[in-house]
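Following: one structure in structure tokens, then a few remarks.
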Amino acid sequence: MVVKKQKKAAKSKHGFDEKKFTGLTSDIIKQAKKMGATAVEVEADISSGFSIKVRKNKIETIEHSYGKTLGVIVYFGYRTGSATTSDLKPESITTMIEKACHIARFTSEDPFVGLADPELMAYDYQDLDLYHPWQIKVEEAIDLAKNAETRGFSYDKRLTNSEGFGVDTFRVFDIYANSHGFCGTTIATKHSFGCSFIAEDKNEMQRDYYYTIARDAGDLKNADSVAVEAAKRTINRLNAQRITTRACPIVFIAEIASSLIGNFIRAIYGNNIYRKSSFLVDHLHKPVFAKHINIEENPYIPKALGSAAFDGEGVKLFPNNIVVDGVLERYVLDSYAARKLKMKTTGNAGGVHNLIIKTSDFDLNGLLSKMDTGLLVTELMGDGVNIVTGDYSRGIFGYWVENGQIQYPVTGVTIAGNLKDMLLNIVAVGNDIDYRSNILTGSILLDKMTIAGS
């Protein structure tokens, strides 16, 4: 069993009994092998924290959470079975292993299942500074939320209601081990503020929100500023108009531009590629974006929400490119998909890690000036994205722009196109990067899309 030495000293800091769980995973692997398993994976997750919400100066919810889950996957050659438990008593763990082994004996063989190759394991991995506990008491969080919501309401008298101001703080301890002798742990925190208001004017009602999230509470935006931003966004939506059907340039603000990149990532996921259920099948080493677009995956950014030292199979991660000068350099693969495609895993079991989209010198206002006349999209509605064909159709809320300046809010319209064309027709990516997810992109200007209006 190989365990990272630096982490052992962290026990007093984070409070999780790491030694106990590394020993437990080792024991489970030994038990499963005694029952006939040829290979074994073990995962354990422990999380704790609290969440509060205040609405109109009253406490709406207080939720404390503590959860633990233990899971095992066993392999009998090319047969596999899995089971989980939240009961860590020895007899319950033995029962879990027995169930997984029983399932494996009766499943069909699949020649592509199995652990990732042993030489790929992250036997030596680094601390990415993901653990920053927030010593805030529930009473303090409630006071903070009340004060912030009150500050938000004072922004404009047309703010008549609230869906609440929430404060969340959680910490998690994850461990993954397998019969290659790998055992890796991740200890992380996540904290957030969020607020949503409702405004009324001339028999019209609008709602909007804003939030901040970070590993370290010291990196959160000020609670009052979060509430004021939510209030401002809500007021700005009032007196929305409809526009006629047309084709025009479009800017996606950064926080929804990430969904466009997310659709691209779904299209290059290994399971969609080997099933031939993606519009980007057979596009490896071909242009899929405009030539100026570059996308890097960097799992090693300290404190970032998408950072990880190893993937869900224990594979060591490295910064690498997905798109270079518009050309697709690789798919997003775990070991199973890689074997199906006769390729090598890219370390993406469990997802991608900090996608960085190369930006231009334009901020959002600069993108609007470059667009001159068109639509700024601030909210997407519905799920009208077909990854198989690339067809894209979403309801939106946004703002009509002329001469690079916002003129009025727009509602009741749908934008439509095809993802293949949309990606190839990206004019520029803004430098207003949204760091609140694992896709780090600025606002995106698209050359032209169809707008279905009145």
For this session: Can you bin region 201-331 into rounded, prolate or oblate? Criterion: square roots of the alpha carbon gyration tensor eigenvalues sorted a ≥ b ≥ c, rounded for a/c under 1.5, prolate for a/b above b/c, oblate for the rest.
Result: oblate
Seminar exercise, completed: Between Ile406 and Met205, the two model label points (7 Å from Cα along the beta-carbon direction) sit apart by a distance in nm of 2.3 nm
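Can you list, largest first and rounded to whole Å, the semi-axes you get for region 246-452 by taking the square root of 5 times each eigenvalue of its Cα gyration tensor?
So the three semi-axes of region 246-452 are 30, 19, 14 Å.
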Exercise. Which trypsin sites (Lys or Arg not before Pro) in region 231-275 pass both tests, a DSSP loop state and at most 16 other beta-carbon atoms within 10 Å?
Worked result: Arg242, Arg275
Exercise. On a 0 to 90 degree scale, rounded to 10, what angle separates helix 90-106 from the longest Cα axis of the chain?
Worked result: 90 degrees
Exercise. Once both labels are modelled 7 Å past Cα along the beta-carbon direction, what's the Thr69-Asp127 spacing in nm?
Worked result: 2.8 nm
Exercise. Counting pairs of alpha carbon atoms under 8 Å apart in space and at least six apart in sequence, what relative contact order in percent does the chain give?
Worked result: 15 percent
For this session: Please determine, in degrees from 0 to 90 and to the nearest 10, the orientation of helix 18-34 with respect to the longest principal axis defined by the Cα atoms of the chain, where the helix direction is its Cα long axis.
Result: 60 degrees
Problem set entry | Cα gyration tensor shape for the chain, rounded if a/c is under 1.5, else prolate or oblate | oblate
Exercise. Around Val427, which amide H atoms from residues at least 5 apart in sequence, or from another chain, sit under 5 Å from its own amide H, with H modelled in the peptide plane?
Worked result: Leu445, Leu446, Asp447
Exercise. If one takes the longest principal axis of the Cα atoms in the chain, at what angle in degrees, from 0 to 90 and to the nearest 10, does the Cα axis of helix 254-267 lie?
Worked result: 50 degrees
Seminar exercise, completed: Of all stretches in the chain that avoid GluC sites (Glu not before Pro) placed in a DSSP loop and having at most 16 other Cβ atoms within 10 Å, the longest is 110-328
For this session: Name the shape class, rounded, prolate or oblate, that the alpha-carbon gyration tensor gives for region 354-430, where a ≥ b ≥ c are the square roots of its eigenvalues, rounded holds for a/c under 1.5, and otherwise prolate holds if a/b is larger than b/c and oblate otherwise.
Result: oblate
For this session: Work out, step by step, the length gained on full extension between Lys232 and Lys20: first 0.36 nm times the residue separation, then minus their alpha carbon distance; give nm to one decimal.
Result: 71.4 nm
Exercise. If the label point is 7 Å along Cα→Cβ of Lys221, which residues in region 134-162 have backbone nitrogen under 19 Å from it?
Worked result: 144-156, 159, 162
Exercise. For the chain, what is the mean residue ellipticity at 222 nm derived from helices alone (per DSSP H run of n ≥ 4: -39500 (n - 2.57); sum divided by total residues; nearest 500 deg cm²/dmol)?
Worked result: -7000 deg cm²/dmol
Seminar exercise, completed: The long-range amide H neighbours of Gly306, using H built 1.01 Å from N in the peptide plane and a cut-off of under 5 Å, are Asn354
Seminar exercise, completed: With R₀ set to 41 angstrom, the calculated FRET efficiency between the beta-carbons of Thr244 and Ile59, to the nearest 0.05, is 0.30
Exercise. What length, rounded to one decimal in nm, is gained on full extension from Asp87 through to Lys344, with 0.36 nm per residue of separation minus their alpha-carbon distance?
Worked result: 88.9 nm
Seminar exercise, completed: Residue span Val324 to Phe112: 0.36 nm per residue of separation minus Cα-Cα distance leaves a gain in nm of 73.3 nm
Exercise. Given R₀ = 30 Å, FRET efficiency for Ser360-Thr414 by Cβ-Cβ distance, to 0.05?
Worked result: 0.60
Exercise. Amide H neighbours of Val410 under 5 Å, counting only residues 5+ apart in sequence or on other chains, H built in-plane at 1.01 Å?
Worked result: Gln241, Gly398, Tyr399, Trp400
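Read-outs throughout are calculated quantities, based only on the coordinates presented, and are distinct from any laboratory measurement. Computed from a prediction, not measured in an experiment: that's the story for all the values here. Heads up, the Cβs are rebuilt from the backbone with ideal geometry, glycines too, and the neighbour counts pull from every protein chain shown.
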